[in-house]
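Q: Please read through the structure below; I'll follow up with questions.
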Amino acid sequence: MKLKLEELNRRYWETYTAKSSAFYKEKMAELVADGNGCCEEEAARVLRGDLHGHPTRNHWMYRLAPLDVPGNPDMHYEFLIEYDVMEPHVGIYFGCKCISRPGSDHEAAIRIANGHWQELSPIVTTLLNNIFIDIDFTYRFKITNNAENHTFWPFWITLYEDEDIRLVAVEALRKIRHIYECFLAGETLQPVRLITKPKSVRTRFTEVAYRQLLSEWDHMFGNAGVKLEKMPSDVFESILSRAIEAGWFIPDTLYGNPSRAYRFAGPPASGEASADNCSAESGYGKRPEAEKMHQYYFPKLMEAIRNYIEQEALSQTDRQLYESEGKHGNIPWRAITNIFLKNDGTIYEESNLRNSIRSTKAKAGPDWPTLLRQLFN
C-alpha cells in the first residue's frame, strides 16, 4: 500500500508541476522568440542552463556577459534570469550570481560578494526606482537560502507574474550589470540617498473606501471657510439610505454582506419624477438603455446629490452667497467610483464621469432634484 501511495503522489506531482510550469516556460520563451514565437523545445535548447561547464537538468537560464572580479581570479559574477522547471512555486527570478572556481575558497568569495552588494545595494535600489516609475524595488531583493556547488546569489529578484520579462527583468538586469561593471572597474560612484517610494494599499468597495468618500464629502468646500449646519457626510448617508430603499442603488453582496458596493439601478421606470416607481424589483429591462443611464443619468444624479447636500449642510448666509455667485462644492468623483458600480457590475471611470457632466446631452433625463426631494417626503 505504501508503494502504491508513493507512486500515486509522484504522478500527481509530475502532472501538476507540468501544468503549473507551463506558464513560466512560455514567459521564459519570450526571451528567445522571434516574431513568429518560439516552441517549448526550442526555448529549452537555447536556454538550457549549465554550471561549471556541465549542463543542469532543470534550469533555464538567460545570461548577460559575465564580469571578472579584479584581483580575484577564482571568482566571477553572472547576471542572469533563471527558472527551475520543476519548481514553479518559486517562479522566475533574476539578479547577480557569484561563481567561485571548484576547489577554491568559496567562503572568501561569499564574503567578497556580500561586501560588494552592501556597497552597491543603495545605488541599485535607487536607480531602479528612478527608472521604473510604477515599481518599487525597495523590498524586492531577496537573500538566498543556499550556497551550493560554489555558487552564491548575494541577492535575487522575483519577476511577478504580471510583469513583462523583457521590459522588467532584462532591462533591470542590464542596469544592475552596468553598475557592477563601473564599480569593479574602480570608478567612483556618486553616493545616492536611498529613496523609498510611498507604499499604500488602495481599495474599492470596502469600508475604508466608503469612509474615504464620506471624508471627501465633508471637505467638499475646501478652505472656503463656510459655516455648516449639518455635516455633508451625514446628509449623503441619509440620501444613500433612502435611495437604496427606493431601488436607485442595489447593494452588491458579492463584495460582502453588508456591502459597500452599490450598483446604480437607474431612475424610475416610467420616467416620471416619482421615487415610488423606482424599486429593485422593477428590473433592469424596464430601465433606460445602459449608455444613457451610466453616461448621463448617473453623473447628473451625483451632481444633484452635491447640490442637495449644499442646500442642507450650508448655513443660510453661505448658501445664499454660493447661489448668488454660482459657486458649488467639489464632487469627489474618484471616491465615488470606489463605491458605485454600473448595473452590470463594471466600474465607472472617473474621467468619463467628469466629461459627461459637462456634456449638453447630460441635461436630459430624470428630474433628479425633484426625485431627491421626494425621497424625504
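The values are calculated or read from the model by the stated rules, or taken from the named source; none is laboratory data. No experiment lies behind these values; they were computed from the predicted model shown. Note that we place each Cβ from the backbone using ideal geometry, even for glycine, and neighbour counts take in every protein chain shown.
Q: Please tell me if ARG63 is assigned by TED's automatic domain parsing to the domain that holds VAL168 and under 23 Å from VAL168 (Cα atoms).
A: yes
Q: On the basis of being closer than 27 Å to LEU189 by Cα, among the hydroxyl-bearing types (Ser, Thr, Tyr), in the same structural domain as ASN72 (by TED's automatic domain parsing) and loosely packed, with under 12 Cβ neighbours inside 10 Å, does TYR139 make the cut?
A: Yes, satisfied.
Q: Could you check the stretch 91-107 and list, in sequence order, the residues that are under 18 Å from ASN149 (Cβ atoms), in contact (Cβ under 8 Å) with a residue 12 or more places away in the chain and either exposed (fewer than 15 other Cβ atoms within 10 Å of the Cβ) or not hydroxyl-bearing (Ser, Thr, Tyr) (or both)?
A: Once the filter is applied, which keeps residues that are under 18 Å from ASN149 (Cβ atoms), in contact (Cβ under 8 Å) with a residue 12 or more places away in the chain and either exposed (fewer than 15 other Cβ atoms within 10 Å of the Cβ) or not hydroxyl-bearing (Ser, Thr, Tyr) (or both), the stretch 91-107 yields GLY95, CYS96, LYS97, CYS98, ILE99, ARG101, PRO102, SER104, ASP105, HIS106.
Q: Next question. Out of all the residues in the stretch 217-228, which are over 25 Å from THR253 (Cβ atoms) and surrounded by 11 or more Cβ atoms within 10 Å (Cβ to Cβ)? Before the answer, list the steps.
A: Here is the first cut: in the stretch 217-228, the residues over 25 Å from THR253 (Cβ atoms) are 218-228.
Within the stretch 217-228, ASP218, HIS219, MET220, PHE221, ALA224, VAL226, LYS227, LEU228 qualify.
Q: Determine which single condition SER21 fails, assuming it passes every other condition in (1) of a type in the set (Ser, Thr, Tyr); (2) touching a residue at least 12 places away in the same chain (Cβ under 8 Å); (3) touching a strand residue (DSSP E or B) at 6+ places or on another chain (Cβ under 8 Å).
A: All conditions pass for SER21, except number (3).
Q: Let me ask another. For LEU47, state whether it is surrounded by fewer than 20 Cβ atoms within 10 Å (Cβ to Cβ) and farther than 20 Å from ASN146 by Cβ.
A: Answer is no for this residue.
So that you can scan it fast, the table gives a plain yes or no per residue for (1) over 21 Å from THR370 (Cβ atoms); (2) among the basic types (Lys, Arg); (3) modelled with pLDDT under 95:
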{"site": "ALA224", "(1), (2), (3)": "yes, no, yes"}
{"site": "SER233", "(1), (2), (3)": "yes, no, no"}
{"site": "ALA246", "(1), (2), (3)": "no, no, yes"}
{"site": "GLY271", "(1), (2), (3)": "no, no, yes"}
{"site": "ASN277", "(1), (2), (3)": "no, no, yes"}
{"site": "GLU281", "(1), (2), (3)": "yes, no, yes"}
{"site": "PRO288", "(1), (2), (3)": "no, no, yes"}
{"site": "ALA313", "(1), (2), (3)": "no, no, yes"}
{"site": "ASP318", "(1), (2), (3)": "yes, no, yes"}
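Q: Restricting attention to the stretch 144-158, does a residue exist that is surrounded by fewer than 17 Cβ atoms within 10 Å (Cβ to Cβ), in contact (Cβ under 8 Å) with a residue 12 or more places away in the chain, assigned by TED's automatic domain parsing to the domain that holds ALA29 and under 25 Å from the mean Cα position of the chain (by Cα)?
A: Checked against the condition, which is being surrounded by fewer than 17 Cβ atoms within 10 Å (Cβ to Cβ), in contact (Cβ under 8 Å) with a residue 12 or more places away in the chain, assigned by TED's automatic domain parsing to the domain that holds ALA29 and under 25 Å from the mean Cα position of the chain (by Cα), the stretch 144-158 yields at least one hit.
Q: Can you name the residue in the stretch 173-214 that is free of Cβ contacts under 8 Å to residues at least 24 places away in the same chain and in a helix (DSSP H, G or I) and, of all such residues, is farthest from LEU254 (Cα to Cα)?
A: CYS182
Q: Starting from the stretch 235-247, take each residue that is basic (Lys, Arg) and list its partners that are at pLDDT below 95 and exposed (fewer than 15 other Cβ atoms within 10 Å of the Cβ), counting only C-beta distances under 7 angstrom and pairs at least six apart or across chains.
A: From residues that are basic (Lys, Arg), the pairs are ARG242/PHE376.
Q: Would you mind finding the one in GLU14, GLU78 that is under 23 Å from VAL168 (Cα atoms), among the acidic types (Asp, Glu), out of contact with any helix residue (DSSP H, G or I) (no Cβ under 9 Å at 6 or more places or on another chain) and in the same structural domain as PHE141 (by TED's automatic domain parsing)?
A: On the way: GLU14 fails: under 23 Å from VAL168 (Cα atoms).
Checking each option against the conditions leaves just GLU78.
Q: Something else now. Just a yes or no: is a residue in the stretch 253-262 at pLDDT 95 or above and not in a loop (DSSP other than H, G, I, E, B)?
A: Among the residues of the stretch 253-262, at least one is at pLDDT 95 or above and not in a loop (DSSP other than H, G, I, E, B), which makes the answer yes.
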